[in-house]
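As structure tokens, the structure follows; a few thoughts come after it.
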Amino acid sequence: MRNLSLRNPHPALRFALLLFGVMCGSTAVILIKASSEHPFLVASYRLLLASVILFPFFLRDLREEPAYGWRQVSWTLLPALALAIHFMSWVVGARMTPVANASLIANLTPVAMPFFVWLFFRERVNRIEVLGTLLTLLGLILLTGFTFRVNPEHFKGNLICFGSMLAFAMYLALGRRNGGRIRLWLYMVPLYFFAGLISLITATFWINPVKPYTLSNILYILALAVIPTVGGHTILNYSLKFFRGQVVSVTNLSQPIFATFLGYLVFKEKPDALFYLAAGIMMAGILMVLHGSRLHQAAR
């Protein structure tokens, strides 16, 4: 990357950075459920704030990219729509179903990702990647599946989370295609801005955004903008420049591991023995997918 201090990071550093981005993303569900603000406003403000925070980097890269114009801006529009749909539906769905349900459904992205990467790139997932994906999903089910609650009252929330997962998979796949064409900040800042604008316009059909806001909700939204959006989503898109889409989506499955770890640090919630078994299986699956991706790239 010409525009980052990490211009050509070592593969191990790239993967460590991807894991850090996943860890940042794991905080989203906690912050979302803690906030009581309207879901669409939460989605809108976290995105618009992220675009404001990163705007200086956009201006820096704009000075170094004279060819940047409306054509490049248009590459962010469809991903922005997918991201807006994902964020809005995720906030709604996460509040309508238990955390375990929301986490398990939202992390089924690797099941949908092969369809989108084939649709956009005609890129197929190889056998090792398939086996690694299945192994990681097995660990995920061990980690969260036993606490999945089958309740008719949660059906609507589960369905919304499933739709949100599909939008997220589409957004990641588009990020690999479109984000790879231009500098990171010239892609991410307009994407966040347009996604936030779409969410804000949609919100106005349900609520007037010109109203008083509680300090706690302001702080939660600010944290959502900084940690899982700027820290999480930006790193995921950066990682798509180096890794195949399946690698990023499968690695993102480790979010529950980081969430459990954070829960232990913050709330002293000690995980049971099953957690360590599930975490080990998931990490083995992630490493298998990473190995399969390397074999694919070496064969090209």
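The values are calculated or read from the model by the stated rules, or taken from the named source; none is laboratory data. This one's a predicted model, so the numbers in the text were calculated from it and none came from an experiment. Every residue, glycine as well, gets a Cβ built from its backbone with ideal geometry; the counts of neighbours run over all protein chains shown. These accessible areas exclude ligands, DNA and RNA; they are computed on the full protein's heavy atoms, side chains included. Shrake-Rupley method; radii C 1.70, N 1.55, O 1.52, S 1.80 Å.
Give segment 102-111 a look and list any residue that's hydroxyl-bearing (Ser, Thr, Tyr) and at pLDDT 70 or above, or say none. Before the answer, list the steps.
Step one: of segment 102-111, the residues hydroxyl-bearing (Ser, Thr, Tyr) are 103, 109.
If the condition is that a residue be hydroxyl-bearing (Ser, Thr, Tyr) and at pLDDT 70 or above, then Thr109 is the only one that fits.
Counting only residues that are modelled with pLDDT of 85 or more and open to solvent by 30 Å² or more (accessible area, probe 1.4 Å), give me the helices (runs of 4 or more DSSP H) lying completely in segment 173-292 with at least 3 of them. Don't jump to the end; show me each part of the working.
Numbers: elements: 184-203, 215-224, 234-239, 245-251, 255-267.
Per the criteria, 184-203, 215-224.
Return yes or no: is Thr144 at pLDDT 85 or above and of a type in the set (S, T, N, Q)?
Working: at pLDDT 85 or above: no; of a type in the set (S, T, N, Q): yes.
When the stated conditions are applied, Thr144 does not pass them.
Grab the helices (runs of 4 or more DSSP H) fully contained in segment 14-101, keeping just those with 1 or more residues being farther than 22 Å from Ala223 by Cβ and modelled with pLDDT of 85 or more.
Values: elements: 28-34, 39-63, 70-74, 77-96.
Output list reads 39-63, 70-74, 77-96.
Can you pull out the residues in segment 59-78 that are open to solvent by less than 50 Å² (accessible area, probe 1.4 Å) and out of contact with any Lys or Arg (no Cβ under 9 Å at 6 or more places or on another chain)?
Of everything in segment 59-78, those that are open to solvent by less than 50 Å² (accessible area, probe 1.4 Å) and out of contact with any Lys or Arg (no Cβ under 9 Å at 6 or more places or on another chain) turn out to be Gly69, Val73, Thr76.
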